[in-house]
Structures are given as structure tokens and as C-alpha cells.
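The values are calculated or read from the model by the stated rules, or taken from the named source; none is laboratory data. Remember, it's a predicted structure, so these values are computed and weren't measured experimentally.
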Amino acid sequence: MSLFNLLSVSASGLEAQRRRAEVLVENLANAETTRTPQGGPYRRKDVIFEASKSEQPFQSVFQK
């Protein structure tokens, strides 16, 4: 596994956590909002992560 692959994995994790933090802040900012432009109350947003297929199998990293 190259250094760039390792950095890519770390960057992906940091990006996911940044998005989660942004949604958390948005939910806190709108906690007392009683009316949205559509007329209903503000509904909390949730972040859902999903796995994606790796380009190379994990086992191949440990093969010589």
C-alpha cells in the first residue's frame, strides 16, 4: 500500500467526520425553528455512512 493510498483513506475519514459535524451544527442552529419555508417544523437531519467497494482487496496489501 503506497503512502498516497494511506493518505487517501485518512482524508476520506476526515471528510466524513467534517460532514457529520456540519450537520450537527445545522441541527443545533435550527433546534428552535418552528416554521420552515415549506410551512412545517424543522426536521433533524442525520448522516448515514455506507461502505464503498475498494479498488484492491485488503489481503493484497499484505502479500509480497
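So in region 1-22, with the set limited to residues that are among the hydroxyl-bearing types (Ser, Thr, Tyr) and assigned to a helix (DSSP H, G or I), which one is farthest from PHE49 (Cα to Cα)?
At the first step, the residues of region 1-22 found to be among the hydroxyl-bearing types (Ser, Thr, Tyr) are 2, 8, 10, 12.
Applying the additional criterion that residues be assigned to a helix (DSSP H, G or I) yields 8, 10, 12.
Details: SER8: 17, SER10: 15, SER12: 11 Å.
Taking the candidates together, the pick is SER8.
On the phi < 0 side of the Ramachandran plot and modelled with pLDDT of 85 or more, is that true of VAL47?
Working: on the phi < 0 side of the Ramachandran plot: yes; modelled with pLDDT of 85 or more: yes.
Yes: the conditions hold for VAL47.
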